[in-house]
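Q: Have a look at the structure that comes next, please.
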Amino acid sequence: MQEVSANQQADVIVIGAGAAGLFCAIEAGKRGRKVVVIDHAKRLGGKILMSGGGRCNFTNMYASHENFICENPHFCKSALSQYTQWDFIALVNEHGIAYHEKTLGQLFCDHSAKDIVDMLLAECKKANVVIKNRTEVSTVAEVTDTEGFRYAVETSQGTMLCESLVIATGGLSMPKLGATPYGYKVAEQFGLPIIPTKAALVPFTLHEQDKAVIGELSGISVDANAQCNKVNFNENILFTHRGLSGPAVLQISSYWEPGQAVEFNLFPNGDLLNDLQQQQQDSPDTQLSTALSKHYPKRFVTAALPYFDVANKPLKQYTPKELASAAEAFTQWQLKPNGTEGYRTAEVTLGGVNTDYISSKTMEVKQQKGLFFIGEVLDVTGWLGGYNFQWAWSSGYVAGQVV
Ligand SMILES: Cc1cc2nc3c(=O)[nH]c(=O)nc-3n(C[C@H](O)[C@H](O)[C@H](O)COP(=O)(O)OP(=O)(O)OC[C@H]3O[C@@H](n4cnc5c(N)ncnc54)[C@H](O)[C@@H]3O)c2cc1C
């Protein structure tokens, strides 16, 4: 190991200047700890800036452990209760950032996600956190022979020593924004298993026969309930030229396994059969396509009827059984996705560092003093709707109290 100057020493080194890493650094800095955050990216907070369509869905008013997927469903309870959505909202208020609830408790900035990045950087400055971006990390190692220091981090700017080492390198989604598997590599180095990773909150791709029809509907969105593996989400779906997206699809993608079908109810907030029966009575000469166009865009109905193999004729010509099966085609649509768009467009990574080896109260590795994992690198994956950032804040906060 090369010689280490005093300015290459810190109480805490955080690898990864994303949401979790910066938040942990702020909290540790507030305690008077000397903190250095290292990131290889050119731009700080890249993912935050892109998030929520540029407006950052920074938390959810209804966040609870039930909105997360983790092999241990209790793991995230402690951190989420030590630092809640209301604590983060108070910080946002303190910085005078304007925000609104878009839907289902999801809070977005009124102006720009940059408000959140600016807030984090201002808090880092106040807490004397040093941020070194454009800095590569090659290795981390445990050291035993140096006063008080437990870890040595080899970087493109030399060797650095620290007492506490925090891994906040996130998941694998969006490699363009700097995502790497480095955090998993460090975990494995210290003997921690990784729960297999998978792209999540990600659009579905389709088999050719489905794509031929659905690709033509690009840009159309309809309300839907998407169901798979006994979990369902009631939001909307969006047809794209590549496949199927929209909130209900992204949500269910986290529960879907390759080869499985997803069931979509395209009339989730009412009784379609009842509606068609009523229209049959009131206006028997109306074509089925016209009756359905009361609820869906015309272009969608025109493509959907032949796709679902449903004849289009005046309502009076349908037997009760035929009308029921027409309604069923729209309310019990079974679609087998071909796959997902993968990490290129996924919002998050399912799986990660096995939480059985991590203290749920502090995020410290149980058998490895001074080593912490926070944020998305852990096997904790939130639903769509601000939950993933809340996990970054909460896990970063609890580690920040003890590093
Ligand atoms: C397009 C998009 C939109 C999203 N929108 C939302 C939203 O609106 N609301 C929400 O709650 N969640 C959203 N998410 C998810 C959310 O952004 C993540 O869950 C969250 O950023 C995870 O925080 P993190 O700090 O753990 O990881 P990240 O934010 O991914 O940060 C990890 C950091 O580590 C750095 N790093 C990685 N490897 C190395 C290495 N080897 N050396 C040095 N540095 C390294 C990276 O450059 C990065 O800066 C979105 C995600 C995407 C991709």
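Q: Would you check which residues across segment 157-173 are open to solvent by 20 Å² or more (accessible area, probe 1.4 Å), more than 15 Å from the chain's Cα centre (by Cα) and not polar (S, T, N, Q) and list them?
A: GLU163
Q: Pick from segment 59-76 the residues that are more than 15 Å from ASP356 (Cβ to Cβ) and open to solvent by 50 Å² or more (accessible area, probe 1.4 Å): which of them is nearest to the ligand (Cβ to nearest atom)?
A: Among them, the one singled out is TYR62.
Q: Quick one: would you say TYR397 is aromatic (Phe, Trp, Tyr), touching a strand residue (DSSP E or B) at 6+ places or on another chain (Cβ under 8 Å) and either assigned by TED's automatic domain parsing to the domain that holds SER78 or away from the ligand (no atom under 11 Å from the Cβ) (or both)?
A: no
Q: Kindly state which strands (runs of 3 or more DSSP E) lie completely within segment 329-393 and contain at least 1 residues that are within 18 Å of the chain's Cα centre (by Cα) and either of a type in the set (D, E, K, R) or within 14 Å of the ligand (Cβ to nearest atom) (or both).
A: Qualifying strands (runs of 3 or more DSSP E): 348-353, 371-373.
Q: Check whether at least one residue in segment 275-282 is touching a residue at least 24 places away in the same chain (Cβ under 8 Å) and under 17 Å from the mean Cα position of the chain (by Cα), and report yes or no.
A: No, there is no match, as no residue in segment 275-282 is touching a residue at least 24 places away in the same chain (Cβ under 8 Å) and under 17 Å from the mean Cα position of the chain (by Cα).
Q: Here is a further query. For LEU177, which of the numbered conditions (1) in contact with a Phe, Trp or Tyr (Cβ under 7 Å, 6 or more places away or on another chain); (2) surrounded by fewer than 21 Cβ atoms within 10 Å (Cβ to Cβ); (3) under 20 Å from THR381 (Cα atoms) fails to hold?
A: Against the list (1) in contact with a Phe, Trp or Tyr (Cβ under 7 Å, 6 or more places away or on another chain); (2) surrounded by fewer than 21 Cβ atoms within 10 Å (Cβ to Cβ); (3) under 20 Å from THR381 (Cα atoms), LEU177 comes up short only on (1).
Q: List, please: which pairs have Cβ atoms under 6 Å, are six or more places apart or on different chains, and start with a residue in segment 329-344 that is open to solvent by 20 Å² or more (accessible area, probe 1.4 Å) and end with one that is in a helix (DSSP H, G or I)?
A: Once the first residue is open to solvent by 20 Å² or more (accessible area, probe 1.4 Å) and sits in segment 329-344, its partners that are in a helix (DSSP H, G or I) give THR331/LEU272; THR340/SER253.
Q: Inside segment 54-65, can you point out the residues that are within 19 Å of VAL398 (Cβ to Cβ) and not in a loop (DSSP other than H, G, I, E, B)?
A: PHE58, THR59, ASN60, HIS65
Q: So ALA326 fits all but one of (1) more than 10 Å from the ligand (Cβ to nearest atom); (2) in contact (Cβ under 8 Å) with a residue 24 or more places away in the chain; (3) in a loop (DSSP other than H, G, I, E, B); (4) aliphatic (A, V, I, L, M); what number is the exception?
A: The single condition ALA326 does not satisfy is (3).
Q: Select, from ALA90, ALA19, ALA98, ALA113, the only residue that is farther than 27 Å from ASN234 by Cβ and within 10 Å of the ligand (Cβ to nearest atom).
A: Sole residue among the options that is farther than 27 Å from ASN234 by Cβ and within 10 Å of the ligand (Cβ to nearest atom): ALA19.
Q: Identify the single condition in (1) assigned to a loop (DSSP other than H, G, I, E, B); (2) open to solvent by 70 Å² or more (accessible area, probe 1.4 Å); (3) hydroxyl-bearing (Ser, Thr, Tyr) that SER81 does not satisfy, given that it satisfies every other one.
A: Every listed condition holds for SER81 apart from (1).
The values are calculated or read from the model by the stated rules, or taken from the named source; none is laboratory data. This is a predicted model, so every value here is computed, not measured. Because the Cβ atoms are built from the backbone with ideal geometry, glycine has one as well, and the counts that use them run over all protein chains shown. Note: accessible area is taken over every heavy atom of the protein model, side chains too, but ligands, DNA and RNA are not part of it. Shrake-Rupley method; radii C 1.70, N 1.55, O 1.52, S 1.80 Å.
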